[in-house]
1. So, R0 is 45 Å and r is the distance between the beta-carbons of Arg57 and Ser106; what FRET efficiency does that work out to, to 0.05?
2. Report the equivalent ellipsoid semi-axes for the chain in whole Å, largest first, defined as the square roots of five times the eigenvalues of the gyration tensor built from alpha carbon atoms.
3. Can you tell me how much longer the chain between Cys68 and Ala48 gets when fully stretched, taken as 0.36 nm per residue apart minus their C-alpha distance, in nm with one decimal?
4. Whole angstrom only: what separates the Cα centroid of region 80-135 from the Cα centroid of region 1-43?
5. At 0.36 nm per residue, and after removing the present C-alpha to C-alpha distance, how many nm does the segment from Glu10 to Val141 gain when stretched out fully?
6. Under the rule of at least 5 residues apart or a separate chain, name every residue whose amide H is placed under 5 Å from the amide H of Ser77.
7. By average Cβ neighbour count within 10 Å, what is the ranking of 120-126, 90-96, 72-78, 60-66 from highest down?
8. Any idea how far apart Ser20 and Ser36 come out in nm if each label point goes 7 Å out from Cα toward Cβ?
Amino acid sequence: MTFPVPCPRELIVEKKLSRSVLVSWSPPEESFVAVSQYHVCVDAAVRAIVPGSFKCRALVEDVALEGCVNLSVRAVSEQGHSPDAACTVAIGHEAPVAPQQVRVWSVTPVSACVRWYPSNSNAEHVVSLNAVKVGVCPPTVFQLDLDSKDASRPHAAEQRNVVW
């Protein structure tokens, strides 16, 4: 899966205070696209803007940590912005460890596409079909195309984080 704007990586929550969060990240590895700025988002709403030439760090204030929020960083360029799911972490007292919003589509007897919103984009994700590992997605990857040669029996899919 490739996007026109490369995604930031290695999102780290450096410090959590009662209603604010200090985060840092690494810039995209690919330098073919000039990043003009980064948007730091809480549940997809832009809460801080960091110029692309500045240090990759931001303090996000007024964050409701008593529940669960998805904090993400987008790289923004003239071509658009990177997807939130590629650089995200779920934080708060009720933050899940498992992936969220798992969606399966384009289902045929021998294939399907599965996509999820990671609770931590720094983690690998393992996708299993009938208890057999069929894919390992590296950090920042949140979608997998599944192909099965055995269409004669039902399938049960599972997806989980692998944190090292």
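What follows draws every value from the coordinates through simple rules; no lab data is involved. Keep in mind it's a predicted model, so treat the numbers as computed, not measured. Neighbour counts are summed over all protein chains in view; Cβ atoms, including those assigned to glycine, are modelled from backbone coordinates with ideal geometry.
1. Details: r = 39 Å, r/R0 = 0.87.
With R0 = 45 Å, the Cβ-Cβ based efficiency is 0.70.
2. The equivalent ellipsoid of the chain has semi-axes of 31, 19, 12 Å.
3. Numbers: separation 20, 0.36 × 20 = 7.20 nm, distance 1.87 nm.
Contour length minus Cα-Cα distance gives 5.3 nm.
4. 18
5. Numbers: separation 131, 0.36 × 131 = 47.16 nm, distance 1.27 nm.
Full-extension gain reported as 45.9 nm.
6. Result for Ser77 returns Ser36.
7. Values: 120-126: 19.1, 90-96: 15.6, 72-78: 21.6, 60-66: 14.0.
In decreasing order of mean packing, 120-126, 90-96, 72-78, 60-66 become 72-78, 120-126, 90-96, 60-66.
8. 2.8
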